[in-house]
Amino acid sequence: KGKRAFIAGVADDNGYGWAIAKSLAAAGAEILVGTWVPALNIFESSLRRGKFDESRILPDGSLMEITKVYPLDAVFDNPEDVPEEIKTNKRYAGSSNWTVQEAAECVKNDFGSIDVLVHSLANGPEVVKPLLETSRKGYLAAISASSYSYVSLLKHFLPIINPGGSSISLTYIASERIIPGYGGGMSSAKAALESDTRVLAFEAGRKKGIRVNTISAGPLRSRAAKAIGFIDMMIDYSSANAPLEKELSAEEVGNTAAFLASPLASAITGGVIYVDNGLNAMGVGV
Ligand code: NAI
């Protein structure tokens, strides 16, 4: 039987979440996505109006189907967490059931279970500020949106992930090496995400035999990356210095996610898997 995947963090066709959805769809999976509430209307109307049709084409010529789009804001675990100014915000008021707990409940009610959980989201309001200039509020917001959001997603979805299932997140090498410009506590958030990947692999493995891995991806010109402001430089740096001199395509990350979700990866868990043309292995620029 085909697998079912829930991919949190898809709001256009430029990011890693979209590419992972495509690779999983090409491998026969049914695709559900979780879309950040403020981006939901544009994403759904663009999908409906065919704006993504060219990007939906799979290797066999068919178009990727997204069975259902769920509104999601992964910084809120349940309705009690949601402050009044968000509840009454115009961009949120039109949607419902978008906290992590409610989204998991909706997926359970609609489909019963999933096989693959993907976390492809991050947010750091002060990402352009060096760590020394980052406020406590900005740092904690980065950790909340980019790290705890994963703990919460896995916690709430774990009961409906089928045995043999797999959970995947996206990280960046700024967690372990100095990448000036990746500020606001985002480097800290990725370090937490990688450490949590190990602990969650143990806990979800012992509890349900679920595998937990994170992909350390090279630079991609996504919407989120453009907001950081140095993405073109990072892409050029990678092409100039990585063992493989090509530009990384989102599809290469998508295909790795499909591999990690498949039985081919049945002994791989707790890992940080580099998909970066080998840049992580370099010790100096060339
Ligand atoms: P993206 O912009 O396609 O994806 C980020 C998504 O997070 C967006 O859809 C946004 O709406 C969503 N989001 C933000 N806050 C949210 C919240 N509170 N609740 C729910 N969704 C929320 O950008 P990209 O770059 O594909 O990011 C996906 C993952 O890949 C992130 O974890 C990012 O850190 C990681 N990554 C990206 C790299 C790059 O160069 N683009 C390199 C290495 C890792």
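The values are calculated or read from the model by the stated rules, or taken from the named source; none is laboratory data. It should be emphasised that the depicted structure is a prediction, and the values quoted were computed from it without experimental measurement. In this analysis, Cβ positions are derived from the backbone assuming ideal geometry, glycine residues included, and neighbour counts consider all displayed protein chains. Protein only, heavy atoms only, side chains kept; ligands, DNA and RNA dropped before computing areas. Shrake-Rupley method; radii C 1.70, N 1.55, O 1.52, S 1.80 Å.
Considering only residues in the stretch 1-23 that are over 27 Å from Ser96 (Cβ atoms) and within 16 Å of the chain's Cα centre (by Cα), the one that is surrounded by the fewest Cβ atoms within 10 Å (Cβ to Cβ) turns out to be Asn14. In the stretch 108-121, what residues are in contact (Cβ under 8 Å) with a residue 12 or more places away in the chain and out of contact with any Gly (no Cβ under 9 Å at 6 or more places or on another chain)? If the condition is that a residue be in contact (Cβ under 8 Å) with a residue 12 or more places away in the chain and out of contact with any Gly (no Cβ under 9 Å at 6 or more places or on another chain), then Lys108, Asp110, Phe111, Gly112 are the ones that fit.
Among the conditions (1) within 11 Å of the ligand (Cβ to nearest atom); (2) under 18 Å from Thr171 (Cβ atoms); (3) open to solvent by 20 Å² or more (accessible area, probe 1.4 Å), Lys226 misses just one, which is (2).
The combined condition, being part of a helix (DSSP H, G or I), among the hydrophobic types (A, V, I, L, M, F, W, C) and over 25 Å from Asp13 (Cα atoms), is fulfilled by Leu264. Taking the listed residues Ser149, Ser216, the one that is near the ligand (Cβ under 10 Å from one of its atoms), part of a strand (DSSP E or B) and within 19 Å of Ala257 (Cβ to Cβ) is Ser216, with no other qualifying. Scanning the stretch 25-51 for residues that are open to solvent by less than 10 Å² (accessible area, probe 1.4 Å) and closer than 16 Å to Leu117 by Cβ yields Ile31, Leu32, Val33, Gly34, Thr35. If you go through the stretch 32-87 and keep only what is within 15 Å of the ligand (Cβ to nearest atom) and under 21 Å from Ala261 (Cβ atoms), you end up with Leu32, Val33, Gly34, Thr35, Ser55, Ile66, Val69, Tyr70, Leu72, Ala74.
Quick grid of which residues meet (1) over 17 Å from Ala174 (Cα atoms); (2) acidic (Asp, Glu); (3) touching a Pro at 6+ places or on another chain (Cβ under 7 Å); (4) open to solvent by 70 Å² or more (accessible area, probe 1.4 Å):
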| residue | (1), (2), (3), (4) |
| --- | --- |
| Glu84 | yes, yes, no, yes |
| Arg91 | yes, no, yes, yes |
| Ser113 | yes, no, no, no |
| Ser120 | no, no, no, no |
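A search for C-beta distances below 7 Å between a residue of the stretch 162-187 that is within 21 Å of Leu264 (Cβ to Cβ) and any residue that is open to solvent by 30 Å² or more (accessible area, probe 1.4 Å) and not in a helix (DSSP H, G or I), counting only pairs 6+ apart in sequence or on different chains, returns Pro163/Gly209; Gly164/Gly209. Within the stretch 122-142, no residue that is modelled with pLDDT of 95 or more sits with its Cβ atom under 6 Å from a residue that is among the acidic types (Asp, Glu) and exposed (fewer than 15 other Cβ atoms within 10 Å of the Cβ) at 6+ positions apart or across chains.
Just to be sure before I move on: is Ile57 buried (at least 19 other Cβ atoms within 10 Å of the Cβ) and free of Cβ contacts under 8 Å to residues at least 40 places away in the same chain in the structure I sent? No: the conditions fail for Ile57.
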